[in-house]
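The values are calculated or read from the model by the stated rules, or taken from the named source; none is laboratory data. Because the structure is a prediction, the values reported are computed rather than measured. All Cβ positions, even for glycine, are placed from backbone atoms using ideal geometry, and neighbour counts span all protein chains on display.
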């Protein structure tokens, strides 16, 4: 039970919000978490397929995910984690290649022999090559064109980065990619929680409640305001929650809507930068493709830019004996694709998938089930010098604490970085209020 009179309201029930609520409630603080959706988890939500719950968006854990793995251990789920070797492919101009070993790189025909040698050497040394450079102010296109050569950038790397960030792909700070390579230093081994993220989310919700915390779903927030050194959260149904502090974990564009017209809005100093969303399709197949976990798709006539064969990592028993394949396209939430009917997307993408794997005789009847899910705010499109404009945790002198994807940079957006962000937000709260345990 809570033994603190200081009340904290957390807006958003994704991994960051849940992690912050867990940490605060475990320490004995008075915590209420509110989530607009009918599910907790944010990008970790799920749906029912037959007798199983399935992640809407693909996830895995890396051996370097220290913050997430510690939380999993704290929740008593460590024995549900398992690790497997995984493989990567690459599809260029409609041709599929393995892309795991030095020999695979040397046989990668889209590049010349000299380009393959250079690609392998640079990739091996890139963490060392980035040390001491102001990568936050160097465009990824400029840095990679110099390291790998302009032809390799144009043929392989530009399409790869633009698939994630659209027309902004070449303008990203090189620091973002360099940091990502640190997390994925051991991509041959990935982990997964038996039962998917639902088992993690159910466990953390249960723990929060057992510590005396309150968790509310289907509870949209209308406004957040500060009056006389007290925070006021007004819900869509008109109910008002008074509290001492608010931790907001929702994307900043949504947060601005809730603080519009209040003094908090003028304190929130954050430039108007675009966010990328994602359209994600899940196909359940009666057969495997090539047993490669992750395969980028470049210049191959498909609308989707990547294929994830989840059943290379997860036992197919988790999917009712079927093979789960995720296809994704990152795009703006304002794009035509994002607003297109899901059934049309699944039909078109199934045709493209069949064409992409026609040499292994993939057929329409092999696709037994299809689902499409969309998320409007995956992460911001970071401009050069973002480290200097990244929002602080505390909004001015107010009692509003931020913990959003806009603050994860230069780390890659992941469950691990979300847990780390939650820990940092809670630490900031404790620094500013000694009554917080």
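Kindly indicate whether residue 402 is in contact with a helix residue (DSSP H, G or I) (Cβ under 9 Å, 6 or more places away or on another chain) and more than 26 Å from residue 138 (Cα to Cα).
yes
Among 90, 119, which is the only one that is surrounded by 19 or more Cβ atoms within 10 Å (Cβ to Cβ) and either in a strand (DSSP E or B) or assigned by TED's automatic domain parsing to the domain that holds residue 424 (or both)?
From the options 90, 119, the qualifying one is 90.
What are the residues in region 12-27 that are more than 17 Å from residue 55 (Cβ to Cβ) and assigned to a helix (DSSP H, G or I), if any?
16, 17, 19, 20, 21, 22, 23, 24, 25, 26
Mind checking which residues of region 100-116 are surrounded by 13 or more Cβ atoms within 10 Å (Cβ to Cβ), touching a strand residue (DSSP E or B) at 6+ places or on another chain (Cβ under 8 Å) and either touching a residue at least 60 places away in the same chain (Cβ under 8 Å) or within 18 Å of residue 149 (Cα to Cα) (or both)?
The answer is 100, 108, 110.
When residue 185 is evaluated against the numbered criteria (1) in a helix (DSSP H, G or I); (2) touching a helix residue (DSSP H, G or I) at 6+ places or on another chain (Cβ under 9 Å); (3) over 28 Å from residue 31 (Cβ atoms); (4) modelled with pLDDT under 95, which criterion, by number, is the only one it fails?
Exception for residue 185: condition (1).
Please go through region 383-412 and pick out each residue that is assigned to a helix (DSSP H, G or I) and either in contact (Cβ under 8 Å) with a residue 60 or more places away in the chain or over 20 Å from residue 20 (Cβ atoms) (or both).
386, 387, 388, 389, 405, 406
Taking region 46-75 on its own, how many of its residues are assigned to a strand (DSSP E or B) and without any contact (Cβ under 8 Å) to a residue 12 or more places away in the chain?
Count: 1.
Condition check ((1) modelled with pLDDT of 95 or more; (2) within 30 Å of residue 230 (Cβ to Cβ); (3) surrounded by 13 or more Cβ atoms within 10 Å (Cβ to Cβ)) across all residues:
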site: 326; (1), (2), (3): yes, no, yes
site: 330; (1), (2), (3): yes, no, yes
site: 334; (1), (2), (3): yes, no, no
site: 353; (1), (2), (3): yes, no, yes
site: 356; (1), (2), (3): yes, no, yes
site: 389; (1), (2), (3): no, yes, yes
site: 400; (1), (2), (3): yes, yes, yes
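In this structure, does residue 37 turn out to be surrounded by fewer than 18 Cβ atoms within 10 Å (Cβ to Cβ), without any contact (Cβ under 8 Å) to a residue 12 or more places away in the chain, under 25 Å from residue 213 (Cα atoms) and not assigned by TED's automatic domain parsing to the domain that holds residue 298?
No: the conditions fail for residue 37.
Scan region 320-338 and give yes if some residue there is more than 30 Å from residue 403 (Cβ to Cβ), touching a strand residue (DSSP E or B) at 6+ places or on another chain (Cβ under 7 Å), in contact (Cβ under 8 Å) with a residue 40 or more places away in the chain and not in a strand (DSSP E or B), otherwise no.
Within region 320-338, one or more residues are more than 30 Å from residue 403 (Cβ to Cβ), touching a strand residue (DSSP E or B) at 6+ places or on another chain (Cβ under 7 Å), in contact (Cβ under 8 Å) with a residue 40 or more places away in the chain and not in a strand (DSSP E or B).
Report, by residue number, each residue of region 283-324 that is surrounded by 15 or more Cβ atoms within 10 Å (Cβ to Cβ) and more than 30 Å from residue 109 (Cα to Cα).
Answer for region 283-324, where residues must be surrounded by 15 or more Cβ atoms within 10 Å (Cβ to Cβ) and more than 30 Å from residue 109 (Cα to Cα): 284, 314, 316, 318, 319, 320, 322.
In region 28-45, which residue that is outside any loop (DSSP other than H, G, I, E, B) and within 18 Å of the chain's Cα centre (by Cα) is nearest to residue 207 (Cα to Cα)?
My answer is 41.
Out of region 76-87, which residues are assigned to a helix (DSSP H, G or I) and touching a residue at least 40 places away in the same chain (Cβ under 8 Å)?
80, the sole residue that qualifies.
So, in region 234-280, exactly how many residues are touching a helix residue (DSSP H, G or I) at 6+ places or on another chain (Cβ under 8 Å) and without any contact (Cβ under 8 Å) to a residue 12 or more places away in the chain?
Number satisfying all stated conditions: 1.
Could you tell me whether residue 176 is in contact with a strand residue (DSSP E or B) (Cβ under 9 Å, 6 or more places away or on another chain) and either closer than 26 Å to residue 33 by Cα or assigned to a helix (DSSP H, G or I) (or both)?
no
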